[in-house]
1. In region 105-126, which residues are without any contact (Cβ under 8 Å) to a residue 60 or more places away in the chain and either acidic (Asp, Glu) or within 13 Å of the ligand (Cβ to nearest atom) (or both)?
2. Only one of 190, 182 is touching a strand residue (DSSP E or B) at 6+ places or on another chain (Cβ under 9 Å) and either farther than 27 Å from residue 172 by Cα or surrounded by fewer than 17 Cβ atoms within 10 Å (Cβ to Cβ) (or both); which?
3. Under 7 Å between Cβ atoms, at least 6 apart or on separate chains: pull out the pairs that start in region 192-207 with a residue that is assigned by TED's automatic domain parsing to the domain that holds residue 255 and farther than 23 Å from residue 220 by Cα and end on any residue that is acidic (Asp, Glu) and near the ligand (Cβ under 6 Å from one of its atoms).
4. Report, by residue number, each residue of region 87-122 that is part of a loop (DSSP other than H, G, I, E, B) and over 12 Å from the mean Cα position of the chain (by Cα).
5. Considering every residue within region 47-58, establish whether at least one is of a type outside the set (Ser, Thr, Tyr) and either touching a Gly at 6+ places or on another chain (Cβ under 9 Å) or under 29 Å from residue 221 (Cα atoms) (or both).
6. Please go through region 132-165 and give me each residue that is within 22 Å of residue 101 (Cβ to Cβ) and within 9 Å of the ligand (Cβ to nearest atom), ordered by number.
7. Of all the residues that make up region 168-184, how many are within 12 Å of the ligand (Cβ to nearest atom) and among the hydrophobic types (A, V, I, L, M, F, W, C)?
8. Condition first: surrounded by fewer than 17 Cβ atoms within 10 Å (Cβ to Cβ), under 17 Å from the mean Cα position of the chain (by Cα) and either in a helix (DSSP H, G or I) or at pLDDT 95 or above (or both). Can you find one or more residues in region 232-247 that meet it?
Amino acid sequence: MRDALADTERRLAAAGIETPRVDAEWLVAHVLGVSRSDVHAHDELDGSALESLVARREHREPLAYVLGDWGFRRLTLKTDARALVPRPETEVLVERALALIRGEPAPSVLDVGVGSGAIALAIADEHPGARVVGVDTSTDALGLARENADRLGLGVELRAAGLEAAAEGWDLVVANPPYVRPSEWERLQPEIREWEPRAALVGEGVHEALARVARTARLVMEVGDGQARQVASAFAEVGYGDIRITADLAGRERVVEGRKA
Ligand SMILES: C[S@@+](CC[C@H](N)C(=O)[O-])C[C@H]1O[C@@H](n2cnc3c(N)ncnc32)[C@H](O)[C@@H]1O
């Protein structure tokens, strides 16, 4: 097992992966069926099962797709190429969304661009009275979100729709919309550029368009690094107050929220 771990780390480093040791431990843990911290308690492992996983990761397939599931807040979500891998900064978005509906017994919540279901399902899990709807223009993403909802036994409504769903009237609209500028595409890591759905990533002006169309008491969105001030201005222009920007764990301004009377 120790040799397999060292060999995997060496191969992943040679493939240009920035965290070869951690990734090697995740892959070995997956094959052993144990947590990462328990890897070192084992001597033997199935080399052929590990080989297929390492080969996929060497091709820069995201670790979350290779493992097939990924932790997000209190949930373990199925992850594959139908939708974006849930990111840690999106956990901060969920934190703010939950704060905005705290104390309300049955708020109506819309997640625009539901993807794997990460945000909608985390809100349904952590605010049990909420009536949560998730929409996406990608039928692939909706299929994955449905599987996640069923696996977790969480009741969220999922529909094929775009930004117009936000005009129906909600207590809270939450979104992590596509915000990578087309000019930034070539600079993205291969894991993102070559494996995650482009339509989930690339978008310009989606925050502003959603702020204009939404009819909601509270609005909260994730933004790209450096976009928060501009999105906050767009919220103010269409009448939101109590505007607040929240930083992620790395100190980057990544979440913008506002309220309407
Ligand atoms: C950045 S991903 C976010 C996925 C998920 N909410 C998360 O945070 O992991 C954006 C999602 O928005 C969807 N999308 C893109 N344009 C859209 C639109 N106009 N209306 C609804 N969904 C859209 C994409 O298909 C994708 O699933």
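1. Once the filter is applied, which keeps residues that are without any contact (Cβ under 8 Å) to a residue 60 or more places away in the chain and either acidic (Asp, Glu) or within 13 Å of the ligand (Cβ to nearest atom) (or both), region 105-126 yields 114, 116, 117, 118, 119, 120, 121, 122, 123, 125, 126.
2. 182
3. So the pair list comes out empty.
4. 102, 103, 104, 105, 106, 107
5. Scanning region 47-58, I find no residue that is of a type outside the set (Ser, Thr, Tyr) and either touching a Gly at 6+ places or on another chain (Cβ under 9 Å) or under 29 Å from residue 221 (Cα atoms) (or both), so the answer is no.
6. Scanning region 132-165 gives 134, 135, 136, 145, 161, 163, 165.
7. So the count comes out to 4.
8. Yes, some residue in region 232-247 is surrounded by fewer than 17 Cβ atoms within 10 Å (Cβ to Cβ), under 17 Å from the mean Cα position of the chain (by Cα) and either in a helix (DSSP H, G or I) or at pLDDT 95 or above (or both).
The values are calculated or read from the model by the stated rules, or taken from the named source; none is laboratory data. Just so we're clear, the structure is a prediction, and the values are computed from it rather than from any experiment. All Cβ positions, glycine included, derive from the backbone under ideal geometry; neighbour counts span all protein chains shown.
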